[in-house]
Amino acid sequence: MHGAVVTAGTPDTPDTPGAPEAALEPLRAYVRGHATGDPAHFRDAFLPTAHVEGIRDGAFVSWPLDEYCALFRGRPAPDEPTRSRRIDAVAVHGTVATATMTLSHGPDTFTDIFLLVLVDDGWRIANKAYHRHS
């Protein structure tokens, strides 16, 4: 296997040692989006063609980026001080990478799986799939 594999990020400070710094930036922008509720951070993190997919209320959802961004109102969630996010692993293989993140939001924990691509303006999230642990 050729590539960098990184594990065990720290909560809310996704400074995962050993990962190419540039590959972490879209993940940090994603964290900022959740922390602030500002969808501009998600637009910085994701490619415009990205989709966010998972199961919500028992049904499969596949949101284009604009629909995902519309879920955020530009302000932090009321319980933001109690929330945490951690980059668990990043694996870089040339111009593509995968990353796994754990988010603890109130009573729910989410596992987010990201596919990243190195494009002209740097690393961007191409797609995200999530699982909600309730």
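By how many nm would the segment from Ala89 to Val117 grow when fully extended, if each residue of separation counts as 0.36 nm and the alpha-carbon distance is taken off?
On the way: separation 28, 0.36 × 28 = 10.08 nm, distance 1.58 nm.
8.5 nm is the gain from fully extending Ala89 to Val117.
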When the chain is treated as a GNM, springs tying every alpha-carbon pair under 10 Å, which of Gly58, Gly122, Gly94 comes out with the largest mean-square fluctuation?
Gly58
Between Asp57 and Ser104, Cβ-based FRET efficiency (R0 25 Å, step 0.05) works out to 0.80
Farthest toward the dipole's positive end in the chain, which of Ala23, His105, Leu71, given Cβ charges of +1 (Lys, Arg) and -1 (Asp, Glu) about the Cα centre?
His105
Segment Ala22-Glu67, length gained on full extension (0.36 nm per residue, minus Cα span):
13.6 nm
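Hey, what did the chain get for relative contact order, percent, Cα under 8 Å, at least 6 apart?
Numbers: 292 pairs, mean separation 36.6, N = 134.
Value for the chain: 27 percent.
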Most mobile of Gly54, Gly106, Gly74 per a Gaussian network model of the chain (Cα springs, under 10 Å)?
Gly106
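Evaluate the charge dipole of the chain about its Cα centre and quote only its size in Debye, nearest 20, assuming +1 on the Cβ of each Lys and Arg and -1 on the Cβ of each Asp and Glu. Please list the in-between numbers first.
Working: 12 positive and 17 negative charges, 37 e Å.
The calculation lands at about 180 debye.
Laboratory data are not the source of any read-out in this text; all were calculated from the coordinates shown. These figures come from a predicted structure and were not determined experimentally. So basically every Cβ, Gly included, is an ideal-geometry build from the backbone, and we count neighbours across all protein chains shown.
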